[in-house]
Structures are given as C-alpha cells and as structure tokens.
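One structure is given below, encoded as structure tokens.
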Amino acid sequence: MVRMNVLADALKSISNAEKRGKRQVLLRPSSKVIIRFLKVMMKHGYIGEFEIVDDHRSGKIVVNLTGRLNKCGVISPRYDVGISDIETWTNNLLPSRQFGYVVMTTSQGIMDHEEAKRKHLGGKILGFFF
C-alpha cells in the first residue's frame, strides 16, 4: 500500500501511542516536514526530545512522549490561510484560547499560528495539536 500522507501517518502514530500511555514511539518514514512539525511541538513542551535514526533509506524518528498531548492531527487539503483568517481557524480547531496550536507553513518556514501572527505572515495550514 502506498503512503499518501506521511505527516498524517506520523501524527496518528503519536496520538495513538499517547492514548495507550507509551513512553516512546517510532515514526517511519521521516521527512523534513515531520521534523519541523515535531520541533514546534517540542518547543511548546507537548513532546520530549526526538532522535532521527538514519538507516540509509527513508529514515526513522524515535519520539519521547511526555503524556501532555491530548490530540494532534493534520488538515488536508492544506488550505490557504490569510492573516485575517488565522483567528477563525483557531476557533474551529482548538478547544480553547488558552492552549493548543495550529501549525502553518509560511514563506519563513513552519511555525505555530501565534508566531505567524507576530511576524504578520499568512500561509498554508498543516495541522494542529493540543
């Protein structure tokens, strides 16, 4: 079976492992987008450290889980989000204004919605976590 969306597979694996109460999860295959998404999650403390294992193929990532993540998912298709539309997307996807992040890909890289608002950037929406 062909993998259609590598990011969706990775986030679903993390979500399932978190629900089962696991301490670590192995993600394969690896990609630049997954690594940047994980960096955003790690920056906000939703996951622990992660290690990239180079197996001379597509690569693997071992992620340490903290037990803080409730849900993470991908938004497909990757909708265009203007600066004015960020607020409506966060209202639709996140349970509250206090926590949770929408991850976007902008012209200055992959970042969460708050950083995109600060830098006054729009972009395409990748996914969310809370």
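The values are calculated or read from the model by the stated rules, or taken from the named source; none is laboratory data. What you see is a predicted model, and the numbers here were worked out from it, not measured in a lab. No Cβ is skipped: glycine too gets one built from the backbone with ideal geometry, and neighbour counts run over all protein chains shown. The accessibility values were calculated without ligands, DNA or RNA, using every heavy atom of the protein model including side chains. Shrake-Rupley method; radii C 1.70, N 1.55, O 1.52, S 1.80 Å.
Here are the numbers:
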{"item": "FRET efficiency, 1/(1 + (r/R0)^6) with R0 25 Å, evaluated for Asn70 and Lys32 via beta carbons", "result": "0.45"}
{"item": "Over 19 Å (Cα to Cα) - which of Lys12/Lys71; Lys12/Lys117; Lys39/Lys71; Lys43/Lys71; Lys22/Lys43; Lys22/Lys71 fall in this group", "result": "Lys12/Lys117; Lys22/Lys43"}
{"item": "Average projection area in nm² (convex hull over Cα atoms of the chain, one quarter of hull surface)", "result": "8.2 nm²"}
{"item": "Per-residue HN-Hα couplings for the range 121-129 [Karplus 6.51, -1.76, 1.60; θ = phi - 60°; Hz; x = Gly/Pro]", "result": "10, x, x, 10, 8, 9, x, 8, 8"}
{"item": "Centre separation in Å (Cα based) which lies between the range 1-44 and the range 87-130", "result": "18 Å"}
{"item": "Solvent-accessible area, 1.4 Å probe, carbon plus sulfur percent, for the chain", "result": "49 percent"}
{"item": "Whole-number accessible area per residue in Å² for the chain, which is evaluated in the context of all protein chains at 1.4 Å", "result": "59 Å²"}
